[in-house]
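Asker: Before anything else, here's the structure in question.
The values are calculated or read from the model by the stated rules, or taken from the named source; none is laboratory data. Nothing here was measured: the structure is a model prediction, and the numbers come from that model. So basically every Cβ, Gly included, is an ideal-geometry build from the backbone, and we count neighbours across all protein chains shown. Quick note on the areas: whole protein, heavy atoms, side chains included, nothing else; ligands and nucleic acids left out. Shrake-Rupley method; radii C 1.70, N 1.55, O 1.52, S 1.80 Å.
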Amino acid sequence: MNLKIYPDPVLRRRAASLRRVTDADLQRLRGMLELMYELGGIGLAGPQAGWSARAVVMDTDGRGEGERIFINPKIIESDGMAEDQEGCLSLPGIRSTVVRAEKVVVVAYAEDGKRLEIDAEGLQARAWQHEIDHLNGVLFIDKLPAAAQMNIRHRLKELSS
Ligand code: ZN
């Protein structure tokens, strides 16, 4: 598996739900975890690995503990507003301030089909919103105000050439 970089069209596609997790899917999910750690990321969505499926791997504290593979994640509640710097492995060299909800509740399924409900805030809440956007073909640069869009235009052009 390798990382897909902007403007790869897979990043703009709406990813499909996984109805069941096959052995091949499990292999892909493990590959995504490996890729995420290799690149030093805290989260990675299927499309970033060229796989247009609603799958996310995440390890916001870098400890490799607990659930790190999430299938069909969905935000069921969000609350508050928080501003912070954000970047994306698929958009190298770009960081900008993004406004997001401060807290979210996410429902997802573990690789064994177990239903998970995750209360996230801070960095974790931000990461969830970022990764779920990826599943809908949305990138963090889409959320920037016009002035910030202008600032990154040059870099986007470089990535596109
Ligand atoms: Zn990203």
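Asker: How much area per residue is accessible in region 32-161 when the probe is 1.4 Å and only protein heavy atoms are counted (Å²)?
Answerer: 49 Å²
Asker: Quick one: 3J(HN,Hα) in Hz for region 78-89, Karplus 6.51/-1.76/1.60 with θ = phi - 60°, rounded, Gly and Pro as x.
Answerer: Result, rounded to whole Hz: 9, 8, x, 9, 9, 10, 7, 6, 9, x, 8, 4.
Asker: Kindly flag which residue pairs out of K74/K103; K4/K103; K74/K157 have an alpha-carbon separation exceeding 24 Å in this structure.
Answerer: Numbers: K74/K103 14 Å; K4/K103 28 Å; K74/K157 32 Å.
Where the Cα-Cα span goes over 24 Å, the pairs concerned are K4/K103; K74/K157.
Asker: Follow-up question, since we're still on this one. According to a simple spin-label model (label point 7 Å from Cα along Cα-to-Cβ), what is the distance in nm between L156 and N136?
Answerer: Result for the modelled spin labels: 1.8 nm.
Asker: So how tilted is helix 146-160 from the main axis of the chain? Cα-based, degrees 0 to 90, rounded to 10.
Answerer: Rounded to the nearest ten degrees, it is 70.
Asker: Please report the spacing between the Cα centers of region 94-112 and region 27-76 in Å, no decimals.
Answerer: Centre-to-centre (Cα) distance: 12 Å.
Asker: Considering only protein heavy atoms, what is the solvent-accessible area of D119 at a probe of 1.4 Å, reported in Å² to the nearest 10?
Answerer: Roll a 1.4 Å probe over it and D119 shows about 120 Å².
Asker: At a threshold of 8 angstrom on Cα-Cα distance, excluding pairs fewer than six apart, so keeping six or more, what relative contact order does region 65-130 reach in percent?
Answerer: 33 percent
Asker: With a point put 7 Å past each Cα toward its Cβ, work out how far T60 is from L26 in nm, to one decimal.
Answerer: Label at T60, label at L26, 2.8 nm between them.
Asker: Could you put I5, I118 in order of accessible surface area, largest first, with the 1.4 Å probe and the full protein assembly present?
Answerer: I5, I118
Asker: Under the Karplus relation 6.51 cos²θ - 1.76 cosθ + 1.60, θ = phi - 60°, what is the ordered set of whole-Hz ³J(HN,Hα) values for region 99-114, x standing for Gly and Pro?
Answerer: Computed from phi, the couplings for region 99-114 are 8, 9, 5, 7, 9, 9, 10, 10, 10, 8, 10, 6, 4, 8, x, 5 Hz.
Asker: Could you give the nm distance between label points at L123 and I76, where each point is 7 Å from its Cα heading toward the beta carbon?
Answerer: Distance between the two pseudo-spin positions: 2.7 nm.
Asker: Follow-up question, since we're still on this one. Provide K157, K4, K143 ordered by accessible surface of protein heavy atoms (probe 1.4 Å), highest first.
Answerer: K157, K143, K4
Asker: If you don't mind, there's one more thing I want to ask. Leaving ligands, DNA and RNA out of it, rank R153, R100, R13, R20 by accessible area with a 1.4 Å probe, largest first.
Answerer: Values: R153 145, R100 15, R13 120, R20 170 Å².
The most accessible residue leads, giving R20, R153, R13, R100.
Asker: Would you work out what percent of the accessible area of the chain, with all protein chains in place, is carbon or sulfur (probe 1.4 Å)?
Answerer: In the chain, the share of accessible area belonging to carbon and sulfur is 45 percent.
Asker: Accessible surface of V10 in the full protein assembly, 1.4 angstrom probe, to the nearest 10 Å²?
Answerer: For V10, solvent-accessible area is about 10 Å².
Asker: Something else: Dipole of region 1-127, Cα-centred, from +1 at each Lys and Arg C-beta and -1 at each Asp and Glu C-beta, to the nearest 20 debye?
Answerer: 660 debye
Asker: A follow-up question, please. Could you compute how much accessible surface S160 exposes when probed at 1.4 Å, giving the result in Å² to the nearest 10?
Answerer: Answer for S160: close to 70 Å² accessible.
Asker: Just need log10 I(q)/I(0) for the chain at q = 0.13 Å⁻¹, Debye formula, equal scatterers on the alpha-carbon atoms, no solvent, rounded to two decimals.
Answerer: Log10 of I(q)/I(0), two decimals: -0.58.
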